[in-house]
């Protein structure tokens, strides 16, 4: 019996169109290798060019269009011609918040064959999962700007609810337990942010009491940023608010070879009425767009996470093995990893490995 998945593909901006092509290429190769696996890809030209032509990042009924798909696969969003807050609040956040995709899952792993900028670490020795609360916190659109000239006043609020905090922290502990991880670190700034972050700390302790087998730790964001570079092996699962986990996922990616290796997934583990949303952690990198220099591995690993979400474990494992083999061989890699290969050459090599496994 054939398994059939409908994927909404939004290549987006900059290098997004380049890296997403390689991810789709790998998924198509998997469907040829595994005869019972089929994908239907439908492309949507939403993003910055769409905004410049229509005044919106996506159509007004964009969520209605997307909700019929099994998953959404996005390349990147961002364009120097448009303020970043417009692109973020026009596409990514409406999807995550509109579909209540409250879990942001961002694994960070030092692959064998990749050199960390930190001395003394080899493949497999850095293995962190950053779990981000996706629908509340500092990215909530609460506040405004009033007044003119020197009387400008900006108020920026952060929204935290007990429900929102409890469900993301609970997911972090359940994820740790199910995946054999030993420790969960909560990251806040409760010494300065006395309400939302204090509530977060309180709920963290309450949830942790239900998982006595898991070690716990609470750190302030500034200390965590220092410590995750000084001692990345001291971290296992990190859970944080929308802003803090966003910062830490970029920082932790830098110690395992860069954003070109950092995948991302957003989903609701309790409610599958809406599609999961899958996009690599990196941005649109307009400075290298169209030059074939972008590393597609983050997008390919993101496709692997999408396969996991769709229940296609065998295909996901096969794709992961192919990426690991490509990186361990050190032959076909982009400039960010010290190589000279183009974006499509890396994708072609991973397809070659897939067919050989």
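Things worth noting here:
- Counted over the stretch 1-86, the DSSP beta bridges are approximately 0% antiparallel.
- Rounded to 5, the percent of DSSP beta bridges in the chain classed as antiparallel: 40 percent
- Calculated FRET efficiency, residue 271 to residue 28, Cβ-Cβ distance, R0 = 35 Å: about 0.75 to the nearest 0.05.
- If you plug the beta carbon distance of residue 142 and residue 52 into 1/(1 + (r/R0)^6) with R0 = 30 Å, you get a FRET efficiency near 0.60.
- Whole-Å distance, taken between Cα centres, linking the stretch 154-186 and the stretch 310-324: 27 Å
- Euclidean distance of C-alpha centroids, the stretch 193-260 and the stretch 295-309, integer Å: 23 Å
- Length gained on full extension, residue 209 to residue 254, computed as 0.36 nm times the residue gap minus the Cα-Cα distance: 12.9 nm.
- Segment residue 88-residue 36, length gained on full extension (0.36 nm per residue, minus Cα span): 15.0 nm
- Estimated distance in nm for a label pair at residue 335 and residue 191, the labels positioned 7 Å out from Cα along Cα-to-Cβ: 4.2 nm
- GNM top mover of 124, 157, 144 - the chain, alpha-carbon springs below 10 Å: 144
- Our helix-only sum for the chain, with -39,500 (n - 2.57) per DSSP H run of n ≥ 4 divided by its residues, gives a mean residue ellipticity at 222 nm of -11500 deg cm²/dmol.
- With the simple spin-label model, which puts each label point 7 Å out from Cα in the Cβ direction, the residue 356 to residue 65 separation comes to 4.1 nm.
- Once the Cβ-Cβ distance of residue 223 and residue 4 is raised to the sixth power relative to R0 = 51 Å, the FRET efficiency obtained is 0.60.
- Normalised contact order of the stretch 127-254, rounded percent, pairs of Cα under 8 Å and 6 or more residues apart: 38 percent
- Taking the DSSP beta bridges with both ends in the stretch 127-254, the antiparallel portion is around 30 percent.
Just so you know, all these numbers are worked out from the coordinates, no wet-lab data involved. If you're wondering where the values come from, they're calculated on a predicted model, not measured in any experiment. We place every Cβ from the backbone using ideal geometry, glycine too, and count neighbours over all the protein chains shown.
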